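Worksheet: the structure to be examined is printed underneath.
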Amino acid sequence: MSAHNQEEKPNPFTQHPGDVQDPSNPSTSHVDAARRAHFILEFKRRPFPSLKSMKEDAEKPDGLEMFKQRVAEVKSQYADDLAALQRLHGEEYHEDALDKFLSKDESQYLVPSENNPTAVAAYKAMEALYNSRSQYVLNTKFADDRERLDHTYLHTLLPLEGQVARITKRDEEMRREKAKRFPGTVAEFRALDSETQLRVATYLTSDPLKQENMRAQYGWVWRQTQALVDMCGTDGGFMIEVKAAARKQ
């Protein structure tokens, strides 16, 4: 295969989907790579966790709260890194703009009486070059680094948010399924969460018409509820407990 038919593979350490390099200065790719390395070393340093903390993290259950905590940590870190990036670019832009301003050759400025077309054109070209270089620094480099930062954090954040959504949906489905099951014993009644226990207690202390409506609403079957209804009629202590639970609404 001839050399001109072979596509040059991008360097993953210096290229990114959002990279825009100054066409008039090919060496900026190396400068920008050095800038990114400086930013990572200076602002994104993270303390290396101890073996104990890594073991504790590994033993934590992958529950909803853990994923919510990780989402909050990633968002907080993103905000910190974005602020650091803005601060770094602000300092760089100020320094670069000052250098460009001080590097202007004041001897090239036109005197008020100057009307030489060649001199006027040369001065305008010099001003246009100065302004274009300033805008390149302001717009391109920050947009590049911001896109890279966004890409990195979204790569971490989106899977975590997906886990939060999946676990939340699963827990809600389990809660609804559990709510459909009417307790058959006193022990099961006492083991219910407060919301479900209140619902069951309300049913047990209601008149037959309301009980019928609640069975239709929650998918309960009459024979499924009858064991505790009978228990309320024969166990005065349990009935007192049920009424106390119903009053919590």
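The values are calculated or read from the model by the stated rules, or taken from the named source; none is laboratory data. A quick note: this is a predicted structure, and the numbers were derived from the prediction, not measured. Because the Cβ atoms are built from the backbone with ideal geometry, glycine has one as well, and the counts that use them run over all protein chains shown.
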Original post:
For the subset of segment 186-218 comprising residues that are of a type in the set (Gly, Ala, Ser) and not in a helix (DSSP H, G or I), which member is surrounded by the fewest Cβ atoms within 10 Å (Cβ to Cβ)?
Top reply: ALA191
Subject >> Some residue of segment 226-238 being of a type in the set (Phe, Trp, Tyr), part of a loop (DSSP other than H, G, I, E, B) and in contact (Cβ under 8 Å) with a residue 24 or more places away in the chain >> reply: no
Original post:
For GLU106, all conditions in the list (1) at pLDDT below 75; (2) surrounded by 12 or more Cβ atoms within 10 Å (Cβ to Cβ) hold save one; what is the number of the exception?
Top reply: (2)
Original post:
Given GLN226, GLN217, GLN163, GLN197, which one is within 30 Å of LEU82 (Cα to Cα) and polar (S, T, N, Q)?
Top reply: GLN163
**OP:** Would you point out the residue of segment 144-185, among those that are among the basic types (Lys, Arg) and under 16 Å from the mean Cα position of the chain (by Cα), that is surrounded by the fewest Cβ atoms within 10 Å (Cβ to Cβ)?
**Re:** ARG166
**OP:** For residues that are of a type outside the set (Val, Ile, Thr) and either at pLDDT below 90 or within 15 Å of LEU192 (Cα to Cα) (or both), scanning just segment 239-249, find the one that is surrounded by the most Cβ atoms within 10 Å (Cβ to Cβ).
**Re:** ALA245
